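The values are calculated or read from the model by the stated rules, or taken from the named source; none is laboratory data. This structure is a prediction, so every number in the text was calculated from the model and none was measured. Reconstructed Cβ throughout: ideal geometry from the backbone, glycine too, with neighbour counts over all protein chains shown.
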Amino acid sequence: MTLAQLLALLAFMLHVAGILAAMHAVMNTRTPQGAFAWALGLSLLPYVTLLPYLYLGRSHFQGYVTLHRVHRQRFSQALQRGEHVDAPPSCIRYTALMQMMHGTFHPGQQLKLLVDGEAAFEAIFQAIARAEHCILVQFFIFHADGLGHRMQQALLERAAAGVRVFVLFDGIGSHALPRHYVETLRQGGVAIQPFATQRRPHRFQLNFRNHRKIVVVDGCQGFVGGLNVGDEYLGLKPPLSPWRDTHLQLAGPAVDDLQRSFAVDWHWVTGELPPMLPPRPAQGGAHTLIAVTGPADLQETCSLFFTVAINAARKRLWLSTPYFVPDQAVMTALRLAVMRGVDVRVLLPSRPDHHTVFLASSLHARDAIEAGVRMYRYRPGFMHQKVILIDDDAACVSSMNLDNRSFRLNFEIGALSVDQAFARDVEQMLQEDFSKSTEITREEYRKATYPRKLAMHVARLFDPIL
């Protein structure tokens with residue numbers, strides 16, 4: 001066989017493989033837009049798209065889906081058997097979320113807004129130091145840097161004191177974490193595992209990452225938000241510093257839902273359940289719903305979460321997100337909110353950490369401005385916080401980005417709280433952020449060079465995987 005014949009055969013086989021992969025994409029991709037994009041690329045350009053599809057287009061985690069739904073059904077039944085608490089009138093507008101999450105707004109929550117990385121990790125380390133029974137820790141990213149080693153030592157000290165410590169990290173998000181970091185924790189008595197949607201390693205699976213950030217101490221103190229374990233989250237790594245992020249500390253019955261989310265993921269990875277300690281009653285005035293979302297859900301829960309939250313606003317909707325790549329449902333909800341007379345504002349970063357997402361976000365920002373949404377760019381450093389303020393009485397702190405990856409590809413978690421005092425704290429924080437921001441106008445797009453405009457439109461073609 002000549003070289004030309006060999007190359008022709010190889011090209012033919014690639015096209016056959018591309019067509020087979022396109023058929024798989026049509027049958028399995030979650031959105032029509034994504035299915036069309038993959039099918040077109042795989043059919044016409046398999047040389048370029050086949051390898052990326054192996055990493056980004058497959059969704060082999062049916063075992064996790066089954067286990068996840070079994071656990072959710074059990075927890076829902078347990079909740080129904082427990083003491084029933086009627087939601088106050090201010091929570092009724094979120095009834096769809098309660099039904100979708102199979103959860104409720106827990107009363108009596110004590111909330112503390114942790115407005116940056118320094119405040120968040122100081123509170124987390126203080127809680128860990130006081131742990132007596134059990135610590136659950138889950139982050140998307142662990143780095144073996146200054147903050148990472150501080151976390152390592154804090155967990156080792158409590159394990160040495162007889163506290164049971166469980167740690168989950170995402171296998172892709174923490175791909176740079178050295179093996180010796182994990183082994184040091186294991187040798188010190190810490191149970192630590194990487195999360196993956198398949199128990200057997202699968203190097204072709206990059207999607208469906210566990211983006212949740214959870215810390216629970218003794219079943220009574222919980223933390224959730226946007227921060228990971230790394231020096232950049234303390235603003236110690238230019239050029240993105242100072243890093244802008246937010247976390248939430250809570251005490252009360254809602255902490256039990258944080259434990260349950262961790263337990264489902266831990267059981268999938270290990271086949272075992274961590275201790276489930278009863279939460280202590282709290283004396284706060286907030287009602288809190290823990291929203292646990294992900295691609296294993298029957299519905300597209302993260303996208304629907306944003307849609308319901310936006311539709312609930314009557315006076316004000318302020319959002320902060322590092323990535324603004326809304327799907328059609330969320331963008332429609334934003335437009336309708338503007339038409340209702342709601343003060344809709346979105347806070348974005350002025351510096352990119354992912355250039356493709358930044359370009360796509362810039363084009364979506366232009367569309368939002370045309371719809372009457374006020375868009376801002378945070379000037380001092382990278383803005384990574386995921387916060388929603390709704391009217392004068394509700395706010396959410398979460399790990400959820402406003403993009404397709406969070407909507408359909410990542411496992412996320414957030415805490416939506418109804419409480420006027422907490423909403424005032426969030427309002428004050430966001431007002432400070434807006435004061436350090438520049439409002440985006442139509443001129444940003446108009447004054448962009450043609451190559452940059454073209455790059456924005458090309459970047460938006462990749463919305464399904466951004």
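So, restricting to helices (runs of 4 or more DSSP H) that lie completely within the range 362-466, which ones have at least 3 residues that are acidic (Asp, Glu) and closer than 30 Å to Leu298 by Cα? Spell out the reasoning first.
On the way: elements: 420-435, 443-446, 450-460.
Correct list: empty, since no element meets the threshold.
Within the set of pairs 6 or more residues apart or between chains, which connect a residue that is closer than 22 Å to Gln259 by Cα and of a type in the set (Lys, Arg) inside the range 124-149 to a residue that is modelled with pLDDT of 95 or more and surrounded by fewer than 22 Cβ atoms within 10 Å (Cβ to Cβ) with Cβ atoms less than 9 Å apart?
Arg130/Asp218
Out of the residues in the range 104-148 meeting the condition of being in contact with a Phe, Trp or Tyr (Cβ under 9 Å, 6 or more places away or on another chain) and among the β-branched types (Val, Ile, Thr), tell me which one is farthest from Val216 (Cα to Cα).
Top of the filtered list is Ile141.
Yes or no, residue by residue, for (1) over 23 Å from Lys386 (Cβ atoms); (2) part of a loop (DSSP other than H, G, I, E, B); (3) in the same structural domain as Thr321 (by TED's automatic domain parsing); (4) modelled with pLDDT of 95 or more:
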residue: Arg186; (1), (2), (3), (4): yes, no, no, yes
residue: His202; (1), (2), (3), (4): yes, yes, no, no
residue: Phe223; (1), (2), (3), (4): no, no, no, yes
residue: Leu227; (1), (2), (3), (4): no, yes, no, yes
residue: Leu240; (1), (2), (3), (4): no, yes, no, no
residue: Gln249; (1), (2), (3), (4): no, no, no, yes
residue: Arg260; (1), (2), (3), (4): no, no, no, no
residue: Val264; (1), (2), (3), (4): no, no, no, no
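Applying the selection to the range 12-49, what residues are crowded, with 20+ Cβ neighbours inside 10 Å and either modelled with pLDDT of 80 or more or over 21 Å from Ser303 (Cα atoms) (or both)?
Across the range 12-49, the qualifying residues are Gly18, Ala21, Ala22, Ala25, Trp38, Ala39, Gly41, Leu42, Pro46, Thr49.
Could you tell me which residue of the range 332-361 is nearest to Arg446 (Cα to Cα), considering only residues that are of a type in the set (Val, Ile, Thr) and in a strand (DSSP E or B)?
If we take residues in the range 332-361 being of a type in the set (Val, Ile, Thr) and in a strand (DSSP E or B), then Val346 is nearest to Arg446 (Cα to Cα).
Filter the range 393-445 down to residues that are in contact with a strand residue (DSSP E or B) (Cβ under 8 Å, 6 or more places away or on another chain) and of a type in the set (Ser, Thr, Tyr), then give me how many there are.
Qualifying residue count for the region: 6.
Starting from the range 161-178, take each residue that is closer than 18 Å to Val216 by Cβ and basic (Lys, Arg) and list its partners that are crowded, with 19+ Cβ neighbours inside 10 Å and modelled with pLDDT under 95, counting only C-beta distances under 6 angstrom and pairs at least six apart or across chains.
Qualifying pairs under 6 Å: none.
Residue under question is Lys213, and the condition is that it be in contact with a strand residue (DSSP E or B) (Cβ under 6 Å, 6 or more places away or on another chain) and of a type outside the set (Phe, Trp, Tyr); does it hold?
yes
Under 24 Å from Met429 (Cβ atoms), over 21 Å from the mean Cα position of the chain (by Cα) and of a type in the set (S, T, N, Q): is that true of Gln283 in this structure?
yes
Report yes if Leu234 is within 25 Å of Gly117 (Cα to Cα) and in contact with a Phe, Trp or Tyr (Cβ under 8 Å, 6 or more places away or on another chain), otherwise no.
Working: within 25 Å of Gly117 (Cα to Cα): yes; in contact with a Phe, Trp or Tyr (Cβ under 8 Å, 6 or more places away or on another chain): yes.
Criteria met by Leu234.
Since Glu272 meets every condition but one in (1) assigned to a loop (DSSP other than H, G, I, E, B); (2) of a type in the set (Asp, Glu); (3) within 19 Å of the chain's Cα centre (by Cα), which condition does it not meet?
Among (1) assigned to a loop (DSSP other than H, G, I, E, B); (2) of a type in the set (Asp, Glu); (3) within 19 Å of the chain's Cα centre (by Cα), Glu272 violates only (3).
If the requirement is being crowded, with 20+ Cβ neighbours inside 10 Å and either charged (D, E, K, R) or free of Cβ contacts under 8 Å to residues at least 24 places away in the same chain (or both), which of these qualifies: Glu412, Glu443? Even if it seems obvious, please write down each step before you answer.
Working: Glu443 fails: crowded, with 20+ Cβ neighbours inside 10 Å.
Unique residue meeting the criteria: Glu412.
Pull up the range 204-218, narrow it to residues that are modelled with pLDDT of 95 or more and more than 20 Å from the chain's Cα centre (by Cα), then point me to the one that is surrounded by the most Cβ atoms within 10 Å (Cβ to Cβ).
Step by step, filter the range 204-218, then rank; the result is Val217.
Of the residues Lys386, Lys315, only one is assigned by TED's automatic domain parsing to the domain that holds Thr449, basic (Lys, Arg) and over 22 Å from Ile92 (Cβ atoms); which? Spell out the reasoning first.
Numbers: Lys315 fails: over 22 Å from Ile92 (Cβ atoms).
Sole residue among the options that is assigned by TED's automatic domain parsing to the domain that holds Thr449, basic (Lys, Arg) and over 22 Å from Ile92 (Cβ atoms): Lys386.
So which helices (runs of 4 or more DSSP H) stay within the range 58-154 end to end and still have 1 or more residues that are at pLDDT below 95 and under 21 Å from the mean Cα position of the chain (by Cα)?
Hits in the range 58-154: 62-81, 95-101.
Limited to the range 302-328, what total is found for residues that are assigned to a helix (DSSP H, G or I) and at pLDDT 95 or above?
11
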